[in-house]
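> Input: one structure, supplied below.
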């Protein structure tokens with residue numbers, strides 16, 4: 001499946017999910033989601049606004065923030081707290097999952113993995129203090145495989161030269 005077909009499939013799934021939930025996925029919210037789906041990395045609200053203004057020059061920051069709030073509430077995207085940016089949730093059909101976001105310090109890519117083990121540990125820790133979890137995402141900084149490979153090649157070349 002090519003990336004355009006995959007993006008259309010994700011948007012269709014999101015539209016169907018919102019319809020099932022009777023959640024109003026307006027054209028503007030759908031456009032913000034489409035812009036996020038197209039990204040290989042997390043994107044900030046202001047970068048989204050800049051992209052949105054290409055098609056809708058009158059778009060204002062509150063428009064984007066309201067759309068992001070809706071998409072977050074529906075579990076369609078994740079907020080990357082450490083970079084104050086947003087990324088598609090690739091597991092939005094699983095409504096209550098805990099994700100680990102691996103964030104590359106070099107290229108900024110974000111890889112999401114759902115995990116039940118970490119969720120169980122968080123639930124047990126929360127229970128000790130009577131804390132009730134609403135939402136949990138774990139962020140891990142490091143290097144993606146491409147950047148790590150590139151860095152190893154660069155370091156090997158420097159060592160030889």
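Laboratory data are not the source of any read-out in this text; all were calculated from the coordinates shown. If you're wondering where the values come from, they're calculated on a predicted model, not measured in any experiment. Note that each Cβ is placed from the backbone with ideal geometry, even for glycine, and that neighbours are counted across all protein chains shown.
> What order do you get for 114-123, 33-42, 53-62, 6-15 when each peptide is scored by the mean count of other beta carbon atoms within 10 Å, highest first?
So the peptides 114-123, 33-42, 53-62, 6-15, ranked by packing, come out 33-42, 6-15, 114-123, 53-62.
> Mind giving me the nanometre distance, one decimal, between the label points for residue 117 and residue 40, set 7 Å out from Cα along Cα→Cβ?
Between residue 117 and residue 40, the label points sit 3.0 nm apart.
> Next question. Pairs of alpha-carbon atoms within less than 8 angstrom and 6+ residues apart define the contacts here; what relative contact order does the chain have, in percent?
Dividing the mean separation by the residue count of the chain yields 18 percent.
> Can you tell me how much longer the chain between residue 22 and residue 137 gets when fully stretched, taken as 0.36 nm per residue apart minus their C-alpha distance, in nm with one decimal?
Difference between extended and current length: 38.8 nm.
> Describe numerically, in nm with one decimal, the distance between label points set 7 Å from Cα along Cα→Cβ at residue 54 and at residue 149.
2.8 nm
> For segment 61-120 and segment 29-53, what is the separation of their C-alpha centers, rounded to whole Å?
Here the answer is 13 Å between Cα centres.
> Based on the alpha carbons, how large is the Rg to Rh ratio for the chain when Rh follows Kirkwood?
That ratio is 1.04, to two decimals.
> Return the FRET efficiency for the residue pair residue 96, residue 11: r is the Cβ-Cβ distance, R0 is 25 Å, and the value is rounded to the nearest 0.05.
0.65
> To the nearest 500 deg cm²/dmol, what mean residue ellipticity at 222 nm is calculated for the chain from DSSP H runs of n ≥ 4 alone, each contributing -39,500 (n - 2.57), summed and divided by the residues?
-16500 deg cm²/dmol
> Moving on. If you project the alpha carbons of segment 96-161 onto their three principal axes, what span does each projection cover, largest first, in Å?
Extents along the principal axes: 58, 19, 15 Å.
> What residue among 133, 49, 101 shows peak mean-square fluctuation when the chain is described by a Gaussian network model with Cα springs under 10 Å?
133
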